[in-house]
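The values are calculated or read from the model by the stated rules, or taken from the named source; none is laboratory data. Quick caveat: nothing in here was measured; it's all calculated off a predicted structure. Heads up, the Cβs are rebuilt from the backbone with ideal geometry, glycines too, and the neighbour counts pull from every protein chain shown.
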Amino acid sequence: PAMFDGLTASLSKAFKGLSADGRLSAENMKEPLRDVRRALLEADVSLPVVRRFIQKVEAKALGVEVLDGVTPQVAFVKVVSDELVELMGAAGSKDLEPAAGGEGSPQVVLLAGLQGVGKTTAAGKLAMFLTKRRKKVLLVATDVYRPAAIDQLVKLGSKIDVPVYEEGTDASPVDIAARGVAKAVAEGYDAVIVDTAGRLQVDEAMMAELRAIKAAITPSDTLLVVDAMTGQEAAGLVKTFNEQVDLTGAILTKLDGDSRGGAALSVREVSGAPIKFVGTGETMEALEPFYPERMANRILG
Ligand code: GDP
């Protein structure tokens, strides 16, 4: 099933509204631009993001010379496509950052997120992703507030054959994280994924704990896991966390259930942090690096 069906259909309709007289003039683009704007708003992209996007598309398209044999639609779609890629973060897109400690030290990935967004699942998927790249991976469970969360990670780990470091619920999350990473260093792991407590809402205790864990383990990546189905809210959460704990990026889960696309389109523009991975299902294999170009192609159908 195609994601973002509605967006794809309404954009395609917007492009058809371009008159065929061969020029991308302000007059000719007025209606199609209005339709693109409406399509993006319906996809749950925030108004300031949509405004900037439309301004950029218009400015760029006005400067495009439509060549013989190319329809104005094709030229216009190219501009929209380029701007979509730009919006989602073309330059230097990559997945995980290299190990902060240099050659021989493990990549350390710190995962944060609210309860229910798919954080534990994402930890397992990421471990699996790295295992497939022949990395030796350790998972670390630090959610001492919810024994069930630790159990869930331990179960996932055994399912995908990745060890899970945990100390139950009596130790402090900072100490568990530090000892987990120390174990990974001592035992020659290539990567360690530290899962943190999922809370019902953003609060200062959560941020303080994350900052403390971060200071203790100096992760190569700090990723916020957000649910695509929450649209603009997901983008806003990435912004808040990026301001407070400095993220290297986001993992956008449940993209398979997101028919609109607002989060995928807004996260980077709203927060300054790129989406690095997307979750596309409940299985451990359903994780993909986020490629803005591929996503733009998918959206344009
Ligand atoms: P946590 O509370 O953030 O750790 O959330 P969980 O990892 O326990 O996931 C919550 C629910 O979302 C579970 O039923 C997962 O199977 C489901 N889930 C997680 N990621 C995805 C995804 O990418 N797509 C779909 N469809 N479901 C997902």
Can you find a residue in the stretch 231-241 that is at pLDDT 95 or above, under 26 Å from MET88 (Cα atoms), in a helix (DSSP H, G or I) and among the polar types (S, T, N, Q)? yes
Could you list, in sequence order, the residues of the stretch 242-266 that are outside any strand (DSSP E or B), under 19 Å from THR120 (Cα atoms) and more than 13 Å from the ligand (Cβ to nearest atom)? LEU247, THR248
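Taking the stretch 197-229 only, how many residues are touching a helix residue (DSSP H, G or I) at 6+ places or on another chain (Cβ under 7 Å) and in contact (Cβ under 8 Å) with a residue 60 or more places away in the chain?
Pass one, the stretch 197-229, residues touching a helix residue (DSSP H, G or I) at 6+ places or on another chain (Cβ under 7 Å): 197-199, 202, 207, 209-214, 216-217, 222, 224-229.
Of the ones still in play, those that are also in contact (Cβ under 8 Å) with a residue 60 or more places away in the chain are 198-199, 202, 210, 213-214, 217, 222, 224-227.
Result for the stretch 197-229: 12.
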When only residues in the stretch 91-122 that are away from the ligand (no atom under 16 Å from the Cβ), under 19 Å from the mean Cα position of the chain (by Cα) and small (Gly, Ala, Ser) count, which is surrounded by the most Cβ atoms within 10 Å (Cβ to Cβ)? SER93
Which condition number does ARG199 fail, the rest of (1) within 16 Å of the ligand (Cβ to nearest atom); (2) at pLDDT 95 or above being met? (2)
Condition met for LYS16 (at pLDDT 95 or above and farther than 30 Å from ALA141 by Cα): no
For the stretch 226-235, give me the residue count where each residue is more than 24 Å from SER81 (Cα to Cα) and either among the charged types (D, E, K, R) or more than 15 Å from the ligand (Cβ to nearest atom) (or both). 2
Qualifying positions in the stretch 231-247 - touching a residue at least 60 places away in the same chain (Cβ under 8 Å) and either small (Gly, Ala, Ser) or under 17 Å from SER259 (Cβ atoms) (or both): GLY231, GLN232, ALA235
Answer with yes or no whether VAL162 is within 16 Å of the ligand (Cβ to nearest atom), of a type in the set (A, V, I, L, M), free of Cβ contacts under 8 Å to residues at least 40 places away in the same chain and more than 27 Å from GLN201 (Cα to Cα). yes
Quick check on this structure: which one of ILE299, ILE275, ILE251 is over 26 Å from ALA99 (Cβ atoms) and touching a Phe, Trp or Tyr at 6+ places or on another chain (Cβ under 7 Å)? ILE299
Output the residues belonging to the stretch 158-215 that are in a strand (DSSP E or B), touching a strand residue (DSSP E or B) at 6+ places or on another chain (Cβ under 8 Å) and not basic (Lys, Arg). VAL164, TYR165, ALA191, VAL192, ILE193, VAL194, ASP195
